[in-house]
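First the structure, in the form of C-alpha cells, and then the observations on it.
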Amino acid sequence: MTYCQKAFALLYLILSLLTQTSTGQSIDRFNIDNYVRWIRNYQEVSNINIPLNSLTDSEQLLLCNIIKENMKDSIFDIRWRSLTVGSNIVAGSTSNLVKSELTSIMLQNIYDLDSRIVYTASQNLLELEDVKYTSGQKDTLVDLISRISNPNILVTLYRLCGKQGVSESMLLLKNVSFSTNIPFYQRWVALSSLTRLGNAEAENLMSDYLNRIDISLDAIKTLYPYILFSKSRQNISYLIELIQNNNSGCESSNPNVSTSIPCSYLVLTIVAPEIAELNWEGKDGLQSLEPEEALKKARVFFKNIDNNWSFKRE
C-alpha cells in the first residue's frame, strides 16, 4: 500500500468516526460511501449521480476533505474522478463554507500537471467567483499567475484578481497590460481587472483602445463585456453613447437569422443587465421586446437619466 493509499485509508476511518451522532447512530452514509467507492474504484458504482441536495452541508464538507486528499494521488483517473465529484458539488451547493473549501481545492488543482484537470478547475473557479476569498486564497491566486503560462487559464486568473480585489496582483497585471509581446485579448482582460482595482492608467488605456476599435459583432461579444466588468463609468458611458447614437447593423449570431440586427441593440444586451435603474430582465422588461422597440425605450431612458445611473449590487 502506497503512502497516499495509507493516508486515504486513515482519513476515511477518521471521517467515518466523525459522522457518528451524539446518540451513537451514524449519519446516512450511503451517498458518501458511493462517492468514495467511485473515486477510488474499489468497486464499480453504476449510479454516481446522486442528488447533492440529499447531502447535508456537513456531508458535503466531508466529501471536500476526501476530494482534497485524493487530488494528491499520482493516478490520473482518481484525481479526475475526485474533480468530477467536486464539480458536482460546485454546481449544487448553497453553503458558503462548502464553496470556500471548494475554492481552495480548485485553486490547488491549477497546479496540476494535467491540462484537463487545470482547465476544469479553472471553469469551476469561474462558477465560484462570487465566493469571498480569504487572504490565503488571494496569495495562491497571485502565485499561480507568476507560474502559469497557459493564456486561457491566465485570463481566468486575471478576472478573479479583479473580482476579488486582489491588490497584490497589480504589479503582475501591469506587466501584462502594458506589454506589446502578449496577445491583445490577454492584455484586455488584465486591463479590465487592473481598472476594476482602481488603476487610472489602465482605465485610460482601455478608453484609448475603445476609441480605436470599430464596433462589430466580435468586439461586442468578446471585448465589451470586460468594459462592464471593469466598472469604469467613463468607458461604460462610451458604450451608452453607442446605444444612443450608433445606427449600423451587425450580423446576427443566430445562423437562422439572415437579417442584420442594430449593433447598438447588441451593446444594449451587454450594458442593460448591469444598470440598476433599467428594467431589462424583470416583468415587462426590455428584453421581452423586439430589438427596435427595446432600443427606442432604452434611448429615452438613457437620455432622461443622463449620467445618474448606478450599477446593480453584486
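Here, each number is a calculation from the coordinates, and none is a lab measurement. Just so it is clear, the model here is predicted, and its values are computed rather than measured. A quick note on method: Cβ atoms are made from the backbone with ideal geometry, for glycine too, and the neighbour counts reach across all protein chains shown.
Among the listed pairs Lys68/Lys99; Lys221/Lys312; Lys132/Lys312; Lys68/Lys174; Lys231/Lys283, which have their C-alpha atoms separated by more than 24 angstrom in this model? Beyond 24 Å: Lys68/Lys174; Lys231/Lys283.
Between Phe178 and Ser260, the contour length at 0.36 nm per residue exceeds the Cα-Cα span by 25.9 nm.
For segment 78-133, the set of trypsin sites (Lys or Arg not before Pro) satisfying both a DSSP loop assignment and a count of at most 16 other C-beta atoms within 10 Å is given as Lys132. Residues whose amide H comes within less than 5 Å of that of Cys250, counting only those at least five positions distant or on another chain, are Ile261, Cys263 (H built at 1.01 Å from N in the peptide plane). What do you get for the angle between helix 57-70 and the principal long axis of the chain? Use alpha-carbon atoms, 0 to 90 degrees, nearest ten. Roughly 80 degrees, rounded to the nearest 10.
Treating each Cα of the chain as an identical point scatterer and summing with the Debye formula, the log10 of I(q)/I(0) at q = 0.09, 0.15 Å⁻¹ comes to -0.60, -1.16.
The mean of 1/r over all pairs of different alpha-carbon atoms in segment 213-314, once inverted, gives a Kirkwood hydrodynamic radius of 13.9 Å.
In the chain, helical runs assigned H by DSSP with n ≥ 4 each contribute -39500 (n - 2.57); averaged across all residues and rounded to the nearest 500, the mean residue ellipticity at 222 nm is -19000 deg cm²/dmol. Sort out for me the Cα centre separation of segment 245-314 from segment 66-96, rounded to whole Å. After rounding, the separation between the Cα centres reads 40 Å.
Normalising by the residue count of segment 213-314, find the relative contact order in percent from Cα pairs under 8 Å and 6+ residues apart.
Relative contact order comes out at 24 percent.
For Ile275, the residues 5 or more places off, or on other chains, whose built amide H falls under 5 Å of its own are Lys312. With respect to the chain, whose longest principal axis is taken over its alpha-carbon atoms, helix 115-127 is tilted by about 60°.
For the chain, the relative contact order works out to 8 percent when only alpha carbon pairs closer than 8 Å and six or more residues apart are counted. Please give the helix 96-109 orientation as an angle from the longest Cα principal axis of the chain, in degrees from 0 to 90, rounded to the nearest 10. Tilt of helix 96-109: around 90 degrees. One chain, two ends: Lys297 and Asn211. Fully extended at 0.36 nm per residue, the span grows by 28.4 nm beyond their Cα-Cα distance. Stretched out straight at 0.36 nm per residue, the stretch from Arg233 to Lys221 would grow longer than its current Cα-Cα span by 2.4 nm.
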